[in-house]
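Trainee: Before I ask anything, here is the structure I am working with.
What follows draws every value from the coordinates through simple rules; no lab data is involved. Owing to the predicted nature of the structure, the values given are computational and were not obtained by experimental measurement. Glycine also receives a Cβ, built like all others from the backbone with ideal geometry; neighbour counts cover every protein chain displayed.
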Amino acid sequence: MHRRVYALCVAGLLVSSVFGLLVPWMIREAVDAVSAARAGGPPGEGRLLRAVELMVLFTILNAFFRFLSRRSLFVAARDVEREVRRRLFSHVVRLPIRFFHETPTGDVMSRLTNDLSAVWIFLGPGLLMLVGTIISWLLAVAFMLRISPMLTGVSLLIAPAVVYLSREYGHAFHLRHRLVQESLASMNATLQENVSGIRLVKAFTLETREEERFSGECERYYRQNLAVARTSAAFHGAIGLLAGVGVALVLFLGGRAVVQGAITLGGFVAFNAYLAMLSFPTMAMGWVINLFQRGSSAMGRINEFLRLPVELPEGGTGPAGEGATPVGDAVGSGIGEPRLLEVRGLAFSYGGDGRGEALRDISFSARKGEVLGLVGPTGGGKSTLFSLLSGLYPAPPGTVFLEGIDASTIPLPELRRRFAVVSQDPFLFSDSVLENVCFGQERTDPEAARYATGLAGFLAEVEEMPNGFDTVVGERGISLSGGQKQRATIARALCAGAPILLLDDALSAVDAETERVIFKGILSEKGERTVLFSTHRMASLSRCDRILVLADGRIVEEGTHDDLLSLRGAYFDLYSRQMLARELEESS
Amino acid sequence: MKHGPDDFFLDDHMEIRGIDRRLLARILRYVLPHRRLLAAALAALICGTACQLAGPYLIKVFIDRYVTPGQLSGMGGWVLLYLAALVGAMGFVYLQMYAVSILGQRVILALRREMFARMQRLPVVFFDRTPTGRLMTRLTSDVEALQELLSSGLVSTIGDVSVLAGTAVILLWMDLRLAVVTFSVLPVLVLFVEVLKKRIREANREMRRKLARMNAFLQEHVTGVAVVKAFGMEGKSQQRFDALNGEYAVESVRLTNLYSVYFPGVEMLASVAVALLLWRGGVGHLSGAVTFGTLVAFLEYARRFYDPIRDMSDKYNILQSALASSERIFRLLDEEVSPEYAEARQKPALEARPSPSVSGSAAVPAVEFRDVWFSYPRPAGGGTIGGEEGPPVLRGVSFVLEEGRTGAIVGATGAGKTTILSLLCRFYEIRRGKILLFGRDIREIPREELRGSLALVLQDPFLFSGTVRENVAAGGDAIGPALSTIGVERFTREWSEGLSTDVGERGVRLSTGQRQMVSFARALAREPRVLLLDEATSSVDPVTEGRIQEALAGILPGRTALVVAHRLSTVLSADRIIVMHKGKVREMGTHRELLAAGGIYQRLYALQFEGGG
């Protein structure tokens, strides 16, 4: 489809160039008519008028066709840009989470922005310039040859040198410009560091040192910029000189040819006009070549991303198989109804080579409607467990079962939709509260959002906001406190209506009383919903049906609150400390 | 404070309507020191313009004197003259461009330095409420916009105007009637340019806004990709992205269309002018009124006449955005400096010799807080100083710390422990009460002396990029003793570059524990009279933990130090323990005394430090 547009566009450029090049030819006609009449030839008014009329006509046609071809080419290029961007986003968003941990955000963004615009610049303005220049060249040379082969030969002598010089210049400019960019980046880094460390700067009276450091960076940037200016001046000077010599040569030889009667005065004037028409595109050729190089390397970087394997929708790992059948004996207890969630012998390490094991031999199960508490020291593996359960990282086959079905055989989107995760650090999009709460739903449902927000203990505050649920939060809107963000993410999870709710230390930023209220809300509502809840607060844990104590990547204790207390083990220690804290809080 | 989505995007793109003279005058003040450069640029500009304008006239003479009469002798010489004019024009133009870029770069170099210096002296409150990104924009894009004005806007506008004026004068002088014909298209052209440029400007702004919105969406979905995946919302995000992508495409196509009309249109109008000229000139030539050379020269002049007009409205845009930027720059430069810097200028040195009390006689405590009340200023919208007060963080805090003693501040999160250290450094001004350092009110001690006698270790051990040694040296001169006391070399020894190892941006190449050790060493290298230590809460591996405890044991005994303590060992080794609760000092004394008293501390101790209860 785009090929046809491009073909049309080339045709349009061809037509417009023909008309454009006929304009100087009409100047020739006009001048010759007049000078012939002056030299005693036939009266020139008629011929002059016709030439001028044609000139206006060709001018208009040239502009019209240029408009058409330019427009269609640019629109096609924008289409391609949009399509590539769409594909790139759709691909990137489906890459495994590991990719995002390994690739700096800046790198991903630069391919989605800078590289894409480099591709567009080549496909749009670059291609227009390239095709336009080639066509103009071929046609102009033909016209010029008709006027004077000798003058054409002389002017063509200079052209390769101009193209060569402009290419070299483009290259040198690009290199120096990169140096400028690098020193700019380093200057920005210094600045950023200074601002983030401003307290230390002040505390250690490093203001002068910092000023010197920054000054040095500025100075370097200044020098790099001047180097660019010098390069630019030198090349432009050289090209200008070369072109000047060419023009002067044509003037001299052309003038002589007119005197000798080899060409007409009109031919002489037209020739100079052609030369002027060619000078800019010739100089720009080098630039176009550079655009092409940059565009193709940008496309290469984009393709690099597009070639990365996405998460298989059929399941976490490669061999999907048709194995989505209930595994009978996975139900350890042998009771007829399979457990909603069963984890068996789950082990996991981030390194992939068994180095730094995050989880070891985790086994537990949860019935429908059960509320499981998870407790243990930071780094004990709670977050990792949540990531694996929800399929953010693929769990090894045969370790996680949902209603008796191996999770690794469940299509990823479906698997993930069974869990609603609230992670430790709450992430909200800069969008309205409503859109944020409804993020996990296909359709925005204000009623459901209201209800969920109420359960999360966030409704009153939302209603106090300037625009209620339509208030924009985050970078583009008002900023929420840590506790507010956490409650918003809980509302989002509740609103998604998933059968299993995973709360990963999701209430650390709210006070104990608020946590109690929220927890009560979730429990009163639990019904069919299963909850896995990690927290440090005993008050909430004591309300759970069962508690798992996770330390060093394994489950060290398991049971009800009372069971665990009577064990007088790790859980009991935690409990005693918390009781003291409460007493302390009440005493003040 | 409440930004609508559109305000956010427009914040840094606001435009100034009209031109503010005072602003221009202030910009000019930065140009003035480089007036010789400016004069050189202007001289080159004038010469270059003259050469440029001479070109077509030389051709006219060439045709009339040599070509038409068939005069071959002297032709070569005249062509050389023409070449000289061409080369001169080229040379002068580049001389001028080079001079102007030096000028622009020098001005922004000075401006950046001044802005940075100013920034260093702004109160910590300013940094609390100004997003880093915004500050970065001031020193980068805003400064660049101003540079653009100086380098390509200002002088080349003068150049354009002089080319236009010069051409007009020459044309009128050569042939009045032909000149009128040449100018006849001008009103149409100017109208065309103005109308289209206005729409192009609007379309461009709209496109940039859509682009910013799309890129913000992208950025968010890359950083928040885990949320998208967790909810299985890839499809929904894709749809929303497609919509944004489509909106952007629509805007960009609109802009493309406008440009597709604009460039061919301008050229067409110019070409029509040439046709008119050719016709009138041709008729004039037939009647003998116009020489052939004049006609050709007119054609040449007409060709050059339209480019400056086409560029004119771009120049106006540059000027406007530069003015908007410089207004923001000057707002930063006018931001009030922190009082401790302002005073330092007023009273250069209180006295060279410390007053008798500062020598630290036993009677005068090293640190004293006398009924100190403090609240953080509420983050006001505009970023101006002196907003409302927030809720009080410290409520009548009083305590003393004798020289040579270690005071440990303990208490729950939010009790105001870290604030005490910040106030002693005079990062903020207190509302009520007095803070004394060796008997002197810290507000009366010159900044360098005050901060020179303190050394702060932050909870989050921030390192500057550079080597380990450079980081320690940032504290002070006593590098050797500091390194050995802390035992930094015990881990740097294992690295091939030792102390010269680059720590990376913010010290990322070091582990948390190593960063803490380096930041201890940095503080010690200062040989502070009072050490301020905000212990990190983050846990480290047992080996590093041991080393840190060892290091602290090497630092604290016998040293005047105020420590926000999280480690049992630190608390135990303190001479005085200050128990903070909700902005008040609730208990004070030694470990033994406080345990015996059976108050908050006793329970806190049980809670935090006693294993298992």
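Trainee: Obtain the nm distance between the two label points defined at B:ALA43 and A:ARG301 by a simple spin-label model: each point lies 7 Å from its Cα along the Cα-to-C-beta direction.
Mentor: Rounded to a tenth, the inter-label distance reads 4.5 nm.
Trainee: Only bridges whose two residues both fall in the protein assembly as shown count here: according to DSSP, what percent of them are antiparallel, nearest 5?
Mentor: 50 percent
Trainee: Using the Karplus curve 6.51 cos²θ - 1.76 cosθ + 1.60 with θ = phi - 60°, work out ³J(HN,Hα) for each residue of the range A:533-542 in order, rounded to whole Hz, and write x for Gly and Pro.
Mentor: Those phi angles translate into 9, 9, 7, 9, 8, 4, 4, 6, 4, 5 Hz.
Trainee: Are there GluC sites (Glu not before Pro) in the range B:433-518 that DSSP marks as loop and that have at most 16 other Cβ atoms within 10 Å, and which are they?
Mentor: Values: sites: B:GLU444, B:GLU448, B:GLU449, B:GLU470, B:GLU489, B:GLU494, B:GLU497, B:GLU505; in loops: B:GLU494, B:GLU497.
For GluC sites (Glu not before Pro) across the range B:433-518 that sit outside H, G, I, E and B with at most 16 neighbouring Cβ atoms in 10 Å, the list reads B:GLU494, B:GLU497.
Trainee: Ordered by residue, what ³J(HN,Hα) values in Hz, to whole numbers, does the range A:214-221 give under the Karplus form 6.51 cos²θ - 1.76 cosθ + 1.60, where θ = phi - 60° and Gly and Pro are x?
Mentor: 5, 4, x, 4, 4, 4, 4, 4
Trainee: Spin-label point model (7 Å from Cα, Cβ direction): what's the B:MET136 to A:PHE292 distance in nm?
Mentor: If labels sit at B:MET136 and A:PHE292, their model points lie 3.6 nm apart.
Trainee: Where does chain A land at 222 nm, in deg cm²/dmol rounded to the nearest 500, when only DSSP H runs of n ≥ 4 count, each adding -39500 (n - 2.57), divided by all residues?
Mentor: Counting only the DSSP helices, I get -21000 deg cm²/dmol.
Trainee: Is there a simple number for the mean count of other chain Cβ atoms within 10 Å of the Cβ of residues in B:517-528, and what is it?
Mentor: 1
Trainee: Here's a follow-up. In what order do B:TRP495, A:TRP120, A:TRP287 fall by count of nearby beta-carbon atoms within 10 Å, going from fewest to most?
Mentor: Details: B:TRP495 12, A:TRP120 22, A:TRP287 17.
Ranking B:TRP495, A:TRP120, A:TRP287 by Cβ neighbours within 10 Å, fewest first, gives B:TRP495, A:TRP287, A:TRP120.
Trainee: Could you work out, residue by residue across B:275-287, how many beta carbons of other chains sit within 10 Å of that residue's beta carbon, and then give the average as an integer?
Mentor: That works out to 6 on average.
Trainee: Residues in the range A:249-268, backbone N under 20 Å from the label point at B:SER73 (7 Å along the Cα-to-beta-carbon vector): list them, ranges by number please.
Mentor: The answer is A:252-253, A:255-261.
Trainee: Now for a separate question. Beyond a 21 Å Cα-Cα separation, which of these cross-linked pairs lie in this structure: A:LYS485/A:LYS520; A:LYS382/B:LYS582; A:LYS202/B:LYS582; B:LYS198/B:LYS315; B:LYS434/B:LYS584; B:LYS60/B:LYS315?
Mentor: Correct reply: A:LYS382/B:LYS582; A:LYS202/B:LYS582; B:LYS60/B:LYS315.
Trainee: Got a sec to turn the phi values of the range A:437-445 into Karplus ³J(HN,Hα) couplings, 6.51 cos²θ - 1.76 cosθ + 1.60 with θ = phi - 60°, whole Hz, x for Gly and Pro?
Mentor: Values, residue by residue: 5, 8, 4, x, 10, 5, 10, 6, 10 Hz.
Trainee: Mind giving me the nanometre distance, one decimal, between the label points for A:GLU83 and A:THR105, set 7 Å out from Cα along Cα→Cβ?
Mentor: Each label point is offset 7 Å from its Cα along the Cβ direction, giving 3.2 nm.
Trainee: Is chain A best put as rounded, prolate or oblate by its Cα gyration tensor, with a ≥ b ≥ c the root eigenvalues, rounded for a/c under 1.5, and otherwise prolate when a/b is larger than b/c, oblate when not? Could the numbers behind the result be given before it?
Mentor: Working: a/c = 3.27, a/b = 2.63, b/c = 1.24.
Since a/c reaches 1.5 and a/b is larger than b/c, the shape of chain A is classed as prolate.
Trainee: Oh, and also: What average count of beta carbons from other chains do you get within 10 Å of the Cβ of residues in B:100-111? Mind dumping the intermediate values first?
Mentor: On the way: counts 1, 7, 5, 0, 2, 9, 2, 0, 4, 7, 1, 1.
Averaged over the peptide's residues, the number is 3.
Trainee: Highest mean first, how do A:19-25, B:228-234 rank when packing is the count of other Cβ atoms within 10 Å averaged over residues?
Mentor: B:228-234, A:19-25
Trainee: Something else now. Would you pull out the residues with amide H under 5 Å of B:THR467's amide H, same chain only if 5 or more places away, H placed 1.01 Å from N?
Mentor: B:VAL503
Trainee: Where does each of A:530-539, A:82-91 land if you order them by average Cβ count within 10 Å, highest first? Each step should come with its number before you reach the end.
Mentor: Details: A:530-539: 21.5, A:82-91: 18.2.
Descending mean neighbour count gives A:530-539, A:82-91.
Trainee: Please say if the protein assembly as shown is rounded, prolate or oblate, where rounded means a/c under 1.5 for a ≥ b ≥ c the square roots of the C-alpha gyration tensor eigenvalues, and otherwise the choice is prolate for a/b larger than b/c and oblate otherwise?
Mentor: prolate
Trainee: Something else about it: For A:ALA420, list long-range residues whose amide hydrogen, built 1.01 Å from N in the peptide plane, is under 5 Å from its own amide hydrogen.
Mentor: Amide H neighbours of A:ALA420: A:ILE500, A:LEU501, A:LEU502.
Trainee: Can you give the extra length, in nm with one decimal, that the chain gains between A:SER363 and A:ARG568 once fully stretched, where that is 0.36 nm per residue apart less the Cα-Cα distance?
Mentor: Full extension of this stretch gives 71.6 nm more.
Trainee: Can you give the extra length, in nm with one decimal, that the chain gains between A:GLU219 and A:THR560 once fully stretched, where that is 0.36 nm per residue apart less the Cα-Cα distance?
Mentor: 116.0 nm is the gain from fully extending A:GLU219 to A:THR560.
Trainee: Still on this structure, I have one more. Report the calculated FRET efficiency for A:GLU461 and B:THR223 (r = Cβ-Cβ distance, R0 = 22 Å), to the nearest 0.05.
Mentor: The formula returns an efficiency of 0.35 here.
Trainee: Also, quick follow-up: Counting only C-alpha contacts under 8 Å and six or more residues apart, can you give the relative contact order of chain B as a whole percent?
Mentor: Value for chain B: 14 percent.
Trainee: Show that you can apply the helix-only estimate: for chain B, add -39,500 (n - 2.57) for every DSSP H stretch of four or more residues, divide by all residues, and state [θ] at 222 nm to the nearest 500.
Mentor: Mean residue ellipticity, 222 nm, calculated: -19500 deg cm²/dmol.
Trainee: Which order do the peptides B:274-286, B:74-86 take when ranked by the mean count of other beta-carbon atoms within 10 Å per residue, highest first?
Mentor: B:274-286, B:74-86
Trainee: OK, next. Show the residues, 5+ positions off or on another chain, whose built amide H is closer than 5 Å to the amide H of B:ARG586.
Mentor: When sequence neighbours closer than 5 places are left aside, the close amide H contacts are B:VAL579, B:MET580, B:HIS581.
Trainee: Another one. Is the C-alpha gyration tensor of the range B:176-289 telling us rounded, prolate or oblate? Criteria: a/c under 1.5 is rounded; beyond that, a/b larger than b/c is prolate, otherwise oblate.
Mentor: Numbers: a/c = 7.03, a/b = 5.13, b/c = 1.37.
Prolate shape, in that a/c is at least 1.5 and a/b is the bigger ratio.
Trainee: Here's something else I'd like to know. Can you give the net charge of the other residues whose Cβ lies under 12 Å from the Cβ of B:ALA249, counting K and R as +1 and D and E as -1?
Mentor: 0
Trainee: Here is a follow-up. Let's see if you can work this out: charge +1 on each Lys and Arg Cβ, -1 on each Asp and Glu Cβ, no other charges. What is the dipole magnitude of the range A:14-171 about its Cα centre, in debye to the nearest 20?
Mentor: Dipole of the range A:14-171, to the nearest 20 debye: 360 debye.
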